[in-house]
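Student: I have a structure here, written as structure tokens, and I will follow up with some questions on it.
The values are calculated or read from the model by the stated rules, or taken from the named source; none is laboratory data. Because the structure is predicted, anything quoted here is derived from the model rather than measured. Don't worry about glycine lacking a Cβ; one is built from the backbone with ideal geometry, like all the others, and counts go over all protein chains shown. These accessible areas exclude ligands, DNA and RNA; they are computed on the full protein's heavy atoms, side chains included. Shrake-Rupley method; radii C 1.70, N 1.55, O 1.52, S 1.80 Å.
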Amino acid sequence: MSKTILTRRTFIGAGAAGASSLVLGGCDAFNFLGDRGGSVREILEKANDVTYYVQRFLIGDALAREYAESEIRQGQRPNGSTDPQSAEYLALKANDFADYRLSVTGLVETPKSYSLAELRNMPSRTQITRHDCVEGWSCIAKWTGTPLSVVLDEVKLKPDARYIVFHCYDNMGSGASGPNFYYESCDLVDARHPQTILAYGLNNQTLPVPNGAPMRVRIERQLGYKQPKYVHTIEAVSSFAQIARGKGGYWEDRGYEWYAGI
Ligand SMILES: Nc1nc2c(c(=O)[nH]1)N[C@H]1C(S)=C(S)[C@@H](COP(=O)(O)O)O[C@H]1N2
Ligand SMILES: [Mo]
């Protein structure tokens, strides 16, 4: 038997390192550390692309680990926005989200909108997973929701759809160009992944406001900031160029990686 035992993680690490050194293998491969200009950013973005392709190739459709009920040790720690103040959100909350509708728009054959009751009556999936925030904490929690794939099958994506964008109710702060609402996105592999759900339940309860009521998305193979809360619209797009600053997410627009695979 082979004495070289590669775990999947070290294998991915080796693959990513090899591929990254191909990207950085030009004559200025070792200059970038001292580079103060935009090229560091470009190199990091290319590295993110490489991570994305290497992970997609090696991991494919693997499931994120699921846990036992007994491994849930505390409530899901609320982070980021925990109490959105937009007028629209406050009005919905005042009526216990009875008037909430999730809109599905963009590059779809049949745009649709769903009430919470409609979402709850569709097929559901419950999973106990670990949420990892870039800030260095994690939480195991039980999430219940409608698989995004079920909704995508109903609205039928057009052939040019490449990404799914999630638009949220919370304004992260207004700037010169107006409010900056939280948003996120994923590719179609993650969108159709069996653990990608439109979650309305947390730890056997209705999803509470601090964790994204009435609906937040779980994309279990990615980091915490890829789990949008307070989602009102799902939009199928061919590129992010026209959305906010064009990087595919609120934090991505501020330098975080778009592909945040765990
Ligand atoms: N709409 C919205 N979604 C969001 C955020 C946010 O500020 N607004 N924060 C993100 C981050 S950084 C994390 S770690 C998780 C926190 O989810 P939780 O509050 O349920 O723990 O939500 C993510 N989704
Ligand atoms: Mo986070």
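Student: For the range 233-250, give me each residue that is within 15 Å of residue 189 (Cα to Cα) and either buried (at least 20 other Cβ atoms within 10 Å of the Cβ) or within 16 Å of ligand 2 (Cβ to nearest atom) (or both).
Tutor: The one that is within 15 Å of residue 189 (Cα to Cα) and either buried (at least 20 other Cβ atoms within 10 Å of the Cβ) or within 16 Å of ligand 2 (Cβ to nearest atom) (or both): 236.
Student: Which one of 221, 254, 216 is closer than 19 Å to residue 115 by Cα and basic (Lys, Arg)?
Tutor: 216
Student: Could you check, for the range 154-164, whether at least one of its residues is open to solvent by 70 Å² or more (accessible area, probe 1.4 Å), more than 17 Å from the chain's Cα centre (by Cα) and within 16 Å of ligand 1 (Cβ to nearest atom)?
Tutor: no
Student: Is it fair to say residue 253 is in a helix (DSSP H, G or I) and surrounded by 19 or more Cβ atoms within 10 Å (Cβ to Cβ)?
Tutor: So residue 253 does not fit the description; no.
Student: Yes or no: the range 210-232 includes at least one residue that is open to solvent by less than 30 Å² (accessible area, probe 1.4 Å), away from ligand 2 (no atom under 16 Å from the Cβ) and polar (S, T, N, Q).
Tutor: Looking for residues that are open to solvent by less than 30 Å² (accessible area, probe 1.4 Å), away from ligand 2 (no atom under 16 Å from the Cβ) and polar (S, T, N, Q), one finds none in the range 210-232, hence no.
Student: For residue 129, state whether it is under 21 Å from the mean Cα position of the chain (by Cα), buried (at least 18 other Cβ atoms within 10 Å of the Cβ), of a type outside the set (D, E, K, R) and part of a strand (DSSP E or B).
Tutor: Yes: the conditions hold for residue 129.
Student: Also: Residue by residue through the range 80-113, note down the ones that are open to solvent by 50 Å² or more (accessible area, probe 1.4 Å), outside any helix (DSSP H, G or I) and within 15 Å of ligand 1 (Cβ to nearest atom).
Tutor: Answer for the range 80-113, where residues must be open to solvent by 50 Å² or more (accessible area, probe 1.4 Å), outside any helix (DSSP H, G or I) and within 15 Å of ligand 1 (Cβ to nearest atom): 80, 82, 83, 85.
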